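What follows is calculated from the coordinates using simple rules that are stated; it is not laboratory data. Predicted model only: the values in this text are computed from it and were never measured. Here Cβ is always computed from backbone atoms with ideal geometry, including for glycine, and neighbour counts include all displayed protein chains.
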Amino acid sequence: MSHHLFLLSPTDTPLYSLTHYSSKPTQSTPSPLASNLPSWSTSAFAGTLTALSGASSATQAHHAQGGAVRLGGGQDRHVIQMIANASLDVIEEVMRRDSAMYLKSVDKFNEWTVSAFVTPGNFKFILLHESKNDDGIRSFFNEVWELYVKTLLNPFHTMHTPIRSPVFDSRVRASAKKYL
Amino acid sequence: MAPLPYSLSPHVCVLSSPDLESVLASASLPPLPQVLQSFSPLPNVTTRTTSLTSVTHSSFTIRFSDLVEIEAGCKEDEEVRASRTLDWIGARIAKRSARWVEDTERVQAGEKVGRTPWWDELRRCVEGDHVPSRIEGWNHPIAVILAVSTTAPNPLQAVTALHSRQLELPPWVDSTYLKYTLIVHPENSPLSDEEAGALFNAVKKQYGLHAHLLPLSLPSPPPPAIPVPAPLPRLPPPPSPESLLSPPPPPAMFSAPPTPTPGAMGSSLSTQMMSFASSIDGPASAEEERTGKSSGNSLRMHEKDIQMTARFVREFLLMSVVPFMEKCAIEWNETYSSTRRLPSRLFSSTRRLFGSSTPSSYTPGHASTPSTSSVTSRTSISSVTSGANGSQAGGPPPMHRRLAEFATILGDIKLAISVWESLRKEGKGGSDILPLLLAPSPALALHASHALNTLHLPSPDPPAHAQFHALTYAVRWTIGINPQDFLSNTLEGERWLVSTAGSAEEPHAALLLGHAALLSTMKRAKRRAALWYLFAANRLEKCGVRPLTMYFLRKAHALYTAGPEKSLSPSLWDSEDRSPTDWVGFPDVKAGIEHALGRLLYTTGNIEGAIDYFLGLLRRPSTCFISRQPPVMTNGKAAESGVDPSATDRIYLEDFRVAFKHFLATGGDDTRIAGWKLPIKFCNPKQTKIRLPNQGVNGLDNVWADRETKWETFWKSKGGRNRLEASGKAAVNETFWVDIEVQNPLDVEVNLSDVTVVAQERVSAELESPVDILEAEVIDDIVLAANETRSIPLAVKVNRPASLVISDVRYKFLSLLPVMDSLACRGRRLHETALQRQSKTYAPNAFVTVDVEDADQRLQGNFVEDGRLEMAHGECKRMKLWFSNAGTRPIGELWMISGDEDELWVETPNDAGSSSKRPVTSEVISSNNSLLAAEPFRVPLESLTNSSSIPPGGNVELTVIFHAEKAANDELCLLFVFREGNDQPFHSARVSRQYEVNPCLRATATSRPSRSPDHLYLINVEIENVSSCGDLHLRQLTTLSPTWKCSPIATEQTLGCLPVNQTARFYFDADRWEEGSAEQTLQFVHKKLGDILHSRSIDPSSPPSIQLFCRHLSDGHAHSVEDTPTRHFVHTSRRKFISRAVATEHPYIPPASHPYVFPLYNPAALDVVIFWEIPSQERSGYISVSGLLLGAGHAALKELIEEAQNAKVKRSMYAETQREREGILEAIRTSEWNAEMNPIVVRVQDGLRVEHDFAKGGRLAPITFVLRNYSLTHPARFTLRLGHEKRSSYPSNLLPAQYSGRLSHRGRLEPSQQIEVQAKMWITRPGAYALIGWQAETQVEEIPLTGQEAPEAHSRRIRHRYIQGPPLADRSCIVVSNVQSG
């Protein structure tokens, strides 16, 4: 299971990117279809009914398949980056109506769910992930933010300086290992 | 609400008799269904809902099709048919895409309208599907028209035959349909109008009122064609074995446009204004099929016939179809409402909940058996079976579903919604239709996704029929939902299309994505649009639809590179010093798209375009740092370690190579090649250097500049006017090198071939293209590893004097693409004017230049032994320099300029003879006593060569001795300046050599007043071997001093081998050397420092020369210091020592004036020179120990300083000046020239042993105090007081002294005089008595100035007063022991 993190400047120029392969098992997620279905009937039997309709098996199959999709060689790298880029459309829209910093699961492309974090300085952290892990991602984003703020304290670091600090890199990695 | 899609309209099947077909064919008309289809949709149709409310449809579509076709279609397996349909769609799109793309790119209208030809085509293909499906009832026939003509031999029998024909529809097709009889009565019919009327009545009587007599004139020849809307394409029938042999019939494609609009009705044939004859435009249709271009469709029909047919169609709809549907709806609604009542609901859900496998069903309210229509009933409902779940059970579709469909068609939206909702809740579909009927809300998106989810699992390869149905849904949504609503943020319809596309890799899925992208573009979500275009392109590429793939990729590329529109402050860009337009974005996205585009272009034969793209891929944006991860172990095996950058580069490079080779192989155009620019640079212009053969490769530039300055200063001081020609000029026909630095920015190995430099000639401030004067080396091939940086020397030769600018490097990238890399460095940023500060302005580009001059004066010099030199500290190394005159004219004058710190001696043949071999133990040498550095040395060419000059091609060998004075790593840089003769300019040559000096001996010299009454001082020299050489021998120690004379105490045996880490000690007695004169030197310093203190200018006069007394201690033959190299090196060592000391001590006195202020030797100074030798390595050398000052000083500058302090101070307004003045004063006060100390040294003779018989009482012991005046100049008076010590300060184990007798002794000591004072101590018991408890007061007398009368001794003024006592740690004592006498 892989995660892709991008740090973007307010001009949407990526400054740092990280691919993290998590060794944690995929968490079983509640079937999203249950929430997709307009509410009907007695809720006590909703699960049974969903099972009967055959929809939940569909969802599970989808997730199993989603988990199996891997980022291949260099050829697919641009697709991942393109997905991150495309999610900016939604992130900007959400930013207009919501002032929260952590935007969870703003968008979804095939098997990739996009979570984002917008700092008060209008920097965007984008994370592409395959499974649901809201709390972990929130903590991860907060740590990355803290590390980023420390990086910003460097007077030679401008808005568009790529973050090449090995300390930053190793700490982000450690944080990803911890939370993702 | 948008009009319902075409496919959601009543489907009417037509079964025509053969005679009718022949009638129509003879009138050049298409088959009847197509003729009738031309009259759909109908305007202004009013229907009634179940609650009997009228609904007016502005247009009402009705579909006609051939019953035989439908029967055949139903027989085909649904899965097979679906996959055939998808293939058919794909093929159509593939065939036409090239022309579409061409047209679209010409018109550029797609984004504004939201329509693209390929999407329209897909939509028409999908909407044109008319074969009934198992899972939905839209295509199930609502009515069957049985049509005959009166030209039949027996029309009534023909009608009967049609009515008696069993429909060959499968059981799952709804059998609730209306049978309608149509009698076409052409003008040329054998029957008269009356007979036709009779026939019509008979038919009505026998088969019910649903019948119509249609009289047509069908004139011959047919009237001109009138255009009708293009028909929807329909899937051709499956190829049967017979049809494979014969050409396939032209597909039936005669139907109404998919989305009839009221405006289109004006051109529809249903209006009365048209007068056309009709005929099917079969060839046109075939043409369309072939070329992929839609030509206009037309019908050749007479105006009257049109009116009659229109009337029939309208009547058929209003009188038969609509009432039939309304009746069905009402009947079924009753049943439906009854099942909705609570008990049955409970019952059914209970059954469902408790595991009954039977699907929920309702009790059919009307179980009429299949029957032909009765005469009495207005409608003929053939059958309604109770198959509620037809799709599963193989029976007809459930009645609820049909009810919902009928209600939808009839516009009874309220009923339709409720029935669809209930169907959806039962899991029987409906989610697909509900978004068309409901008002926009977020729930619609859920309906849509539910519809898709129930249809097919999102597996990588869903079955074809599922894909096709999903596609149908998506098409219906795009048509049936208002575009504004569909695009709105609540629905986000484009996402529905994306999820419909799923992961299927079929053209239709790609088109769905493409349309989603188009919709996103309309919503201004450009980045998402780019992504979907890319996805679409990826899928289309797999299907091989190249033109459209390229179009999608180009769209993705354009949308991506356009960059985001940001509403950021304009000053942000200023502050970040960036332009809003140079947005780079993600590092790999652009490359990824361009690579795909390039490959497509290559495969489609556009090699040049492909090369354009491949070249662009080599660019490396560096905005984003991509963190590389080491491989992670997961479950025991290494997971993919992210991305390998070299893999991408290698692919790009390989593609470029292949494409370019192909381009060259196919006779590539040279002008095209010149247009290609490599986006990366391999050369680093800043590191480009010119290397000349006569120029020392090493050595810092400032060192050489120092040497040149030194020469110029020297030559100017000599009064010479000839300038030194600038160094760094190359000579004509002499090879020099241009060092270029090549750096590979790619992550993959590349090769550059035919690398060479390009130069331009500078002629009077203008650059001219290079004439043929330059011979530059061409390097065949350079292979650079990934990210490698390498410096490459290129040999260059010029055949006439010129000023060259090295402007470019030329090479062939990968041995293919010729590239010119500029060697220009950007000039510095200019800040002079306000304009320059506001906008970035740079000085002109800087190039590496080289001047080439005639080679008349060239000297090439180098060390004979070249290589790194390792020396021991103090070693004298003899080195040979070899010079050859490479010029065309002789060299008559040669100067050597070395650094101030370098100790060098040029050996001339005269030196060898002058080396004296006298065995001496002491000698007196003379020194100029000046700190001035050595001047440039003129090499005596006369003595080195036989002639006075070096002829062209001649050689000279020069031997220099180098003395390593300091342990360090350094470089010996020698500048040689030469010329032919007088009045010629000088030229220079450089020679340099690295050396390393290792420490060898550590020596210290200390002095103290001698205990011996015969000598003044004792000198202690300690020498430690700190080298790793065990074979080090000390050969000689020499002391030098202007006023002191040393004599060794130890014998010569102590000299010799000094093992590693051992220390040897030597002692010398030092006494006054009476011949030595200090007076002149002291006066010189006095005067000069006085000048400084009074801020007078210092006249450049050197100190007077001085005589040095040298005493040698050697183990045999002593080196004379008089020998020139030795003397030179001793002098230089001392000079460097003093220069450094003076520079630290007097930082405010300018270093240039030091030689005119401070002499080399302080008269009181004593130096020791230690000669060593390593016989096994034949190395020898010597080190000097300086810094000893002997004798007492008396603040010689006291008056001067007081005078300066008391002088009327000129206040300066600058605190710095004041501080500097104080600094100078303080430095002079504490300098060695103003040293001040107590000149009298008191020594108690200790160690006396006294024996006494104390039985006889105490005794007096004599104590001798020796007082000596160490001053060389001043007499001093002293007072010695005894018994003044406090008890507490006595050492604990010694007894206190008790002096008796005379306790105060006074006296006067002349310079260097010594006196003994006898005191007595009263001793009463044996023990050790400490000889302390005395105090000496000293008064130094002034000496009268020369010329003055010396006053009486007692009346002289006192210069200094001192008090001294025994040193704190003094343990001198006398020991008194008791002896029994007698």
query = How far is helix B:1124-1145 tilted off the main Cα axis of chain B, in degrees rounded to 10, range 0 to 90?
reply = 70 degrees
ask   = What is the distance in Å between the Cα centres of region B:990-1016 and region B:112-182?
value = 122 Å
Overall Cα dimensions of region B:1223-1318, principal axis frame, Å, largest first = 68, 30, 21
key: Per-residue HN-Hα couplings for region A:153-164 [Karplus 6.51, -1.76, 1.60; θ = phi - 60°; Hz; x = Gly/Pro]   = 5, 4, x, 8, 8, 9, 4, 10, 6, x, 8, 9
query = Taking every residue in A:6-19, how many Cβ atoms of other protein chains lie within 10 Å of its Cβ, on average?
reply = 6
message = Nearest 10 degrees is fine. How inclined is helix B:442-455 to the longest principal axis of chain B, computing both from alpha carbons?
response = 80 degrees
query = Between residue B:1324 and residue B:582, 0.36 nm times their residue separation minus their Cα-Cα distance comes to what?
reply = 256.4 nm
Dipole-positive endmost among B:227, B:52, B:1315 within chain B (Cβ charges, Cα centre) = B:52
query = Whose amide H sits under 5 Å from the amide H of residue B:1359, counting only residues 5 or more places off or on another chain, with H placed in the peptide plane?
reply = B:1340, B:1341, B:1342
message = Through the Karplus equation 6.51 cos²θ - 1.76 cosθ + 1.60, θ set to phi - 60°, convert the phi angles of region B:1029-1045 into ³J(HN,Hα) values in whole Hz; use x for Gly and Pro.
response = 9, x, 9, 8, 10, 8, 9, 6, 10, 10, 9, 10, 7, x, 10, 10, 10
message = Under the rule a/c < 1.5 gives rounded, and otherwise a/b versus b/c splits prolate from oblate, where does region B:1011-1088 land using the Cα gyration tensor?
response = prolate
query = Dipole of region B:1015-1073, Cα-centred, from +1 at each Lys and Arg C-beta and -1 at each Asp and Glu C-beta, to the nearest 20 debye?
reply = 160 debye
inquiry  = Between residue B:921 and residue B:1080, how high is the FRET efficiency from 1/(1 + (r/R0)^6) when r is the Cβ-Cβ distance and R₀ = 35 Å? Nearest 0.05.
reply    = 0.80
request  = Please find the FRET efficiency linking residue B:160 to residue B:46, where r is the Cβ-Cβ separation and R0 is fixed at 45 Å, and quote it to the nearest 0.05.
outcome  = 0.80
ask   = For the residue pair residue B:837 and residue B:1316, what label-to-label distance in nm results when each label sits 7 Å from Cα along the Cα-to-beta-carbon direction?
value = 8.7 nm
request  = Give the relative contact order (percent, whole number) for chain B; include only Cα pairs under 8 Å separated by 6+ residues.
outcome  = 6 percent
query = Put +1 on the Cβ of every Lys and Arg and -1 on every Asp and Glu Cβ in chain B; which of B:200, B:301, B:981 then has its Cα farthest towards the positive end of the dipole?
reply = B:200
task = Please list the non-local residues whose amide H lies under 5 Å from the amide H of residue A:15, H modeled 1.01 Å from N, same-chain partners needing a gap of 5 or more.
result = A:7, A:8, A:9
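Shape verdict for region B:118-229, please, from the Cα gyration tensor: rounded (a/c under 1.5), prolate (a/b greater than b/c) or oblate.
oblate
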ask   = Taking +1 at the Cβ of each Lys and Arg and -1 at the Cβ of each Asp and Glu, which of B:809, B:435, B:158 sits farthest along the dipole of chain B towards its positive end, judged by Cα position relative to the Cα centre?
value = B:435
note = Given a Förster distance of 30 Å, the FRET efficiency implied by the Cβ-Cβ spacing of residue B:87 and residue B:115, rounded to the nearest 0.05, works out to 0.80
key: Dipole magnitude (debye, nearest 20) for chain B, charges at Cβ of Lys, Arg, Asp, Glu   = 4500 debye
task = Go through region B:986-991 residue by residue and turn each phi into a ³J(HN,Hα) via Karplus (6.51, -1.76, 1.60, θ = phi - 60°); whole Hz please, and just put x for glycine and proline.
result = 8, 10, 10, 9, 10, 9
query = Against the longest alpha carbon principal axis of chain B, how many degrees, from 0 to 90 and to the nearest 10, is the axis of helix B:1215-1229 turned?
reply = 40 degrees
key: Amide H contacts of residue A:180 (H built 1.01 Å from N, under 5 Å, at least 5 apart or other chain)   = none
query = Rounded to the nearest 20 Debye, what is the dipole magnitude of region B:1142-1269 about its Cα centre when Lys and Arg each give +1 and Asp and Glu each give -1 at the C-beta?
reply = 440 debye
task = Place a label point 7 angstrom from the Cα of residue B:799 along the Cα-to-Cβ direction, then list the residues of region B:727-765 whose backbone nitrogen is under 15 Å away.
result = B:732-735
query = Considering only Cα-Cα distances, which of the following residue pairs are longer than 31 Å: B:1045/B:1087; B:718/B:1088; A:108/B:428; B:428/B:523; B:689/B:718?
reply = B:428/B:523; B:689/B:718
key: Radius 13 Å from Cβ of residue B:1227, net charge of other residues (Lys, Arg +1; Asp, Glu -1)   = -2
